[in-house]
Amino acid sequence: MTFANPEYFFLLLVIPVIVYWYFRRRAQYAELQIPTVRAFQTIPRSWRQRFRHSLLVLRIAALVFLTIALARPQSTSKGENVNTEGIDIMLANDISGSMLAEDFRPNRIEAAKKVAIDFIDGRPNDRIGLVVFAGESFTQCPLTIDHAVLKELLKGIRSGMVDDGTAIGMGIATAVSRLKESKAKSKVIILLTDGVNNRGSIDPITAAGIAQSFGIRVYTIGVGTMGMAPYPFTTPFGIQYQNIQVEIDEALLQKIADETGGKYFRATDNRSLKTIYDEIDRLEKSKIEVMQYSRHKEEFYSAAMFAGVFLLLEVMLGLTVLRKNP
């Protein structure tokens, strides 16, 4: 409850003046001095005596409610309309055997999953999907706003789900097939790989051209340290580690990004990978318009009605049953 004109509450300062003036006038009546009032205490009080101050009470009540009415009490309801223009994003993650290299902690594929989950959590208004690829590609999760399901499917990906290899072109093409019918204002593919294209029936540059024709930007991320990286091999004696050369076709990834209006990034450790996703998050911001509104309903009618009722009662009683004798 709010008041449109709270300054009218200053009228309540008149009440003490009215009370003072009322009792002062009564004190001006003639007085009879007697030694004791004991004899009068046994006389029952009349109803006129009991209600002799009723007119004053009614007048004050009328003034209080009139003041409230003049202050215009209002009930207020507030809310907001949220209009979002989300972005459709397909994550295309490499799950080839080389993604098990441990130059990231605990390895490349697990590090990529973690930062991708953080990225998803930061974009509640966007539809996001997931494509995985190695020697071939498939859709792990179509575009969805149900990010809980998406994250569970993302957590479940692992190396060995499909034949080994690196089919970058197939990964892009599968992601494009999921985005081409999208009506979103912005369509994005985030492609993450640690290798060189060596499999698949679609050339990566051809796939990038298809993405560009549908207005889809491709951000490419090369994952791997500079130089050598420890890779786990299974042997009869258990897991043995061997350093292998990190080979990322950076020129190809740069060309894919340039072709589609995206950007190429190189991640050499967990921290830089997280920084890359943060930068992509800043580059691809959803548009959110929030329109706040408030509605005011006038509530002075009941106060004005009570003020009128009390004022009418005062006048009627003052002219009839509580009328002063001439």
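The values are calculated or read from the model by the stated rules, or taken from the named source; none is laboratory data. Computed from a predicted model, the values in this text were never measured in an experiment. With ideal geometry, Cβ positions are generated from the backbone for all residues, glycine too; neighbour counts draw on all protein chains shown.
Which of the residues spanning segment 134-152 are crowded, with 17+ Cβ neighbours inside 10 Å, out of contact with any Lys or Arg (no Cβ under 9 Å at 6 or more places or on another chain) and among the hydrophobic types (A, V, I, L, M, F, W, C)? Within segment 134-152, C141, L150 qualify. Kindly indicate whether any position in segment 207-220 is farther than 30 Å from T76 by Cβ, of a type in the set (F, W, Y) and in contact with a Pro (Cβ under 8 Å, 6 or more places away or on another chain). No, the conditions are met nowhere in segment 207-220. Of the residues in segment 231-250, at least one is at pLDDT below 95 and among the acidic types (D, E). Selection of helices (runs of 4 or more DSSP H) fully inside segment 1-82 by the criterion of at least 1 residues being in contact with a strand residue (DSSP E or B) (Cβ under 6 Å, 6 or more places away or on another chain), at pLDDT 85 or above and farther than 30 Å from P124 by Cβ returns nothing.
Restrict the check to segment 214-224 and report whether at least one residue is small (G, A, S) and either without any contact (Cβ under 8 Å) to a residue 40 or more places away in the chain or surrounded by fewer than 19 Cβ atoms within 10 Å (Cβ to Cβ) (or both). Yes, segment 214-224 contains at least one residue that is small (G, A, S) and either without any contact (Cβ under 8 Å) to a residue 40 or more places away in the chain or surrounded by fewer than 19 Cβ atoms within 10 Å (Cβ to Cβ) (or both).
Can you spot a residue in segment 252-270 that is of a type outside the set (V, I, T), without any contact (Cβ under 8 Å) to a residue 40 or more places away in the chain and farther than 26 Å from I117 by Cβ? Yes, segment 252-270 contains at least one residue that is of a type outside the set (V, I, T), without any contact (Cβ under 8 Å) to a residue 40 or more places away in the chain and farther than 26 Å from I117 by Cβ. The set of residues in segment 225-273 that are of a type in the set (F, W, Y) and either surrounded by 11 or more Cβ atoms within 10 Å (Cβ to Cβ) or touching a strand residue (DSSP E or B) at 6+ places or on another chain (Cβ under 7 Å) (or both) comprises Y231, F233, Y241, Y264, F265.
Yes or no, residue by residue, for (1) within 24 Å of R217 (Cβ to Cβ); (2) in contact (Cβ under 8 Å) with a residue 24 or more places away in the chain:
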site: D103; (1), (2): no, yes
site: K113; (1), (2): yes, yes
site: R123; (1), (2): yes, yes
site: S137; (1), (2): yes, yes
site: C141; (1), (2): yes, no
site: K155; (1), (2): no, yes
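L317 meets the stated requirement of being at pLDDT below 85, over 30 Å from S75 (Cβ atoms) and not in a strand (DSSP E or B). Please indicate, with yes or no, whether at least one residue in segment 221-234 is more than 30 Å from T206 (Cβ to Cβ), of a type in the set (F, W, Y) and assigned to a loop (DSSP other than H, G, I, E, B). The answer is no, given that none of the residues of segment 221-234 is more than 30 Å from T206 (Cβ to Cβ), of a type in the set (F, W, Y) and assigned to a loop (DSSP other than H, G, I, E, B).
Of the residues contained in segment 257-278, one or more are found to be out of contact with any Lys or Arg (no Cβ under 8 Å at 6 or more places or on another chain), acidic (D, E), closer than 23 Å to T144 by Cα and not in a loop (DSSP other than H, G, I, E, B). For segment 186-206, does any single residue satisfy the condition of being free of Cβ contacts under 8 Å to residues at least 12 places away in the same chain and either part of a strand (DSSP E or B) or under 36 Å from the mean Cα position of the chain (by Cα) (or both)? The answer is no; no qualifying residue exists.
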